[in-house]
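Heads up, the thing below is written out as structure tokens.
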Amino acid sequence: RAFDWAARFPEAHADGGFDVVLGNPPYVRAESLKDVKEYLQRVYNTGAADLYVYFMEKGLSLLRPGGLYGVIVSSSFLKTAYGASLRRRLLENYALLQLVDFGGLGVFESAKDTYVCIPVLSKQTQPPQVQVCQVVSLNFSDLSAHVESHAYTVPVTQFTVQGWSVQRSSEIEIFEKIKATGIELSKYVQGGFYRGITTGFNEAFVIDAKIRDSILKQEPHSIEIIKPFITGQDIKRYNTVHTSNYIIFPRRGVDITAYPAVLTYLESFKERLMPKPIGWSDDWKGRKSGNYQWYEIQDSVEYFSVFEKNKIIYPDIAKEPRFDLDLTGAYIGNTAYCLGTDDLYLLGILNSRLSWFAIGFISIPFGMRAGQYRYRMTYQYMSQLPIRPINFDDPADAAQHDALVALVERMLDLKRQHAAEAALFSERRHALADQIAHTDAEIDRRVCALYGLTDAEAALVLAPAPEPVRTTR
């Protein structure tokens, strides 16, 4: 009955509902609601991954005709797949009047990884325009005044079941042009998206060079299951920092007795590596339940052979394009993804400012670094990125492809040279940095031309990022 507001507020229904409903619902994920899950599913119509979704449905149901509903709530529903049912219900039953989006700002001191927005809805006919305000700094004393001075209007057509976009109409038009010119990345790579490895306990499986060398000295053939390892934070733009870390990779079905030195090493972590028995209490100290042996990697990772090939790699969260070509056969951790291709044309597009402009429309912010939004780059979002296909039967198109590939090859070479002199403060390193910046700008220019952007559209896409903003609240 804690969720049954109708019983607690019968006066709201006696006169047809409330004039105003305001709130700040708790942020609780669905897996924490198992004790009331059956009740919630029976009483509410909106499928939910967080408790706030039920609060929104209930609060809106309490409105009288013309009543207003405003709530500070997680912005995750704006673009996520699981938010589609909520977006549909809101669009079909209520009018969206205003949306204040705080992007990746940590509004709450006690919940810095919770990113919020304030939708204002009403029980009335939907107007053709929605007032929007993107808040990029908390340096203000009056939110209402800040919204009034920074708000703009966008057509309601920007708010669909597929996702809600708060960008200005001029930017939307460019993004739509980019989408119309390209095909989705998932189609371009023919589904070749691969997530990094979840071991369940990195402290056991991820080792340094000293431990690796010790094991290989005892049994050289263990190199078969000890692989170079990189994480998302190691991956930079056209360059990866190799940290001399390795992963012990006993995949499902491995005969671990064939590697006694590895087995001996892992046995020191055995208690922590044991999979949780079905029905065991939540205080289990080992890994989660699953169909794997204690010495095996938690994920099945049936696509592990992709890691050993040339591939494009990138982190799962970033504040700028950070894609690289891996030629080392490194295995990647679960904070990274890879594409099963060594397509340099694709690498150039992914690392372009145009690509990042598009990601800002597709993904959702996840905090800020140095005044810039970080974006999630999981499959759900990256798969939608529009990639300009090449018609190799058209000589002009093929020439554009080859010119971009040549620039990417030059960029990779310059980055390697620059990294090799990282410890030096030299004129040569400064000269390399200048060449990298020039080559990068030329790649951006060519990518904009590939997508058919006008000079004015390209200028908007390539505009310098805003200066870092200090937040004080």
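The values are calculated or read from the model by the stated rules, or taken from the named source; none is laboratory data. Every value quoted in this text rests on a predicted model; they were computed, and no experiment measured them. All Cβ positions, even for glycine, are placed from backbone atoms using ideal geometry, and neighbour counts span all protein chains on display. SASA here: full protein model, heavy atoms, side chains in, ligands and nucleic acids out. Shrake-Rupley method; radii C 1.70, N 1.55, O 1.52, S 1.80 Å.
Numbers at a glance
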read-out	value
Condition met for residue 284 (over 21 Å from residue 184 (Cα atoms), without any contact (Cβ under 8 Å) to a residue 24 or more places away in the chain and of a type outside the set (D, E, K, R))	yes
Unmet requirement for residue 284, which otherwise passes all of (1) open to solvent by less than 80 Å² (accessible area, probe 1.4 Å); (2) outside any loop (DSSP other than H, G, I, E, B); (3) farther than 30 Å from residue 418 by Cα	(2)
Count of residues meeting criterion [part of a loop (DSSP other than H, G, I, E, B) and touching a strand residue (DSSP E or B) at 6+ places or on another chain (Cβ under 7 Å)] in the stretch 202-236	1
Whichever residue in the stretch 197-213 is touching a residue at least 24 places away in the same chain (Cβ under 8 Å) and of a type in the set (Asp, Glu) and, among such residues, is least open to solvent (accessible area, probe 1.4 Å)	208
Qualifying positions in the stretch 237-263 - of a type in the set (A, V, I, L, M, F, W, C), outside any loop (DSSP other than H, G, I, E, B) and surrounded by fewer than 18 Cβ atoms within 10 Å (Cβ to Cβ)	256, 258, 261, 263
Subset tally (residues that are open to solvent by less than 30 Å² (accessible area, probe 1.4 Å) and outside any helix (DSSP H, G or I)) for the stretch 342-364	4
Residue pairs meeting the criteria (Cβ under 8 Å; at least 6 apart or on separate chains; first over 13 Å from residue 90 (Cβ atoms), in the stretch 149-164; second among the hydroxyl-bearing types (Ser, Thr, Tyr) and surrounded by fewer than 16 Cβ atoms within 10 Å (Cβ to Cβ))	154/169; 155/169; 158/169
Looking only at the stretch 377-409, and only at residues there that are surrounded by fewer than 16 Cβ atoms within 10 Å (Cβ to Cβ) and among the charged types (D, E, K, R), the one that is nearest to residue 181 (Cα to Cα)	397
Residue among 96, 105 that alone is touching a Pro at 6+ places or on another chain (Cβ under 7 Å), open to solvent by less than 40 Å² (accessible area, probe 1.4 Å) and touching a residue at least 40 places away in the same chain (Cβ under 8 Å)	96
Yes/no for residue 173 being under 22 Å from residue 453 (Cα atoms), free of Cβ contacts under 8 Å to residues at least 40 places away in the same chain and either open to solvent by 50 Å² or more (accessible area, probe 1.4 Å) or not in a helix (DSSP H, G or I) (or both)	yes
Hits in the stretch 264-279 (condition: loosely packed, with under 14 Cβ neighbours inside 10 Å and either closer than 15 Å to residue 225 by Cβ or among the β-branched types (Val, Ile, Thr) (or both))	264, 278
Unique match (being open to solvent by less than 20 Å² (accessible area, probe 1.4 Å) and not aliphatic (A, V, I, L, M)) among 337, 314	314
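This table checks each residue for (1) open to solvent by 40 Å² or more (accessible area, probe 1.4 Å); (2) under 26 Å from the mean Cα position of the chain (by Cα).
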position	(1), (2)
77	no, yes
81	yes, yes
126	yes, no
134	yes, yes
146	no, no
158	no, yes
